[in-house]
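Let me begin by presenting the structure, written as structure tokens, before commenting on it.
Read-outs: derived from the displayed coordinates by stated rules, not from any lab. On a predicted model such as this, the values are computed, not experimentally measured, just so you know. In this analysis, Cβ positions are derived from the backbone assuming ideal geometry, glycine residues included, and neighbour counts consider all displayed protein chains.
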Ligand SMILES: [Zn+2]
């Protein structure tokens, strides 16, 4: 059961050095205030975002699974869903840029320009 202050904000679950409960509001999406660890290594907002996003991973995966298994999923949605799953599981296609001149060609062009100039 979380404690709240008179403004309805959830209070930090940390304790002071004297052993009393911390009275600071917890960072949104976290259980503690910035003083008690919500800000370790980054700013408190980013920490809170990570907590919230981590909680959304499992439900999001279930949505993707439902879409892929539902025979009524439109083909375009099915394709986009399959692509999303493949992209985020290490099956992203290799991007190869073609048509970029080789170093030797660049050097030859530079030499031509220098000869003209
Ligand atoms: Zn605290």
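Computed per residue of the chain from DSSP H runs no shorter than four, each worth -39500 (n - 2.57), the mean residue ellipticity at 222 nm is -15500 deg cm²/dmol. Taken over the C-alpha atoms, segment 56-116 has Rg and Dmax values of 22.8, 67 angstrom. Enclosing the Cα atoms of the chain in their convex hull gives a volume equal to 292 cubic angstrom per residue.
Any chance you could run the full-extension gain for residue 49 through residue 82? It's 0.36 nm times the residue separation minus the Cα-Cα distance, nm to one decimal.
Additional length available on full extension: 9.3 nm.
Working from label points 7 Å from Cα in the Cα-to-Cβ sense, the residue 56 to residue 7 distance is 2.5 nm.
Between residue 106 and residue 64, the contour length at 0.36 nm per residue exceeds the Cα-Cα span by 10.4 nm. Note on residue 20 and residue 115: the extension gain reaches 26.2 nm, defined as 0.36 nm multiplied by sequence separation minus the Cα-Cα distance.
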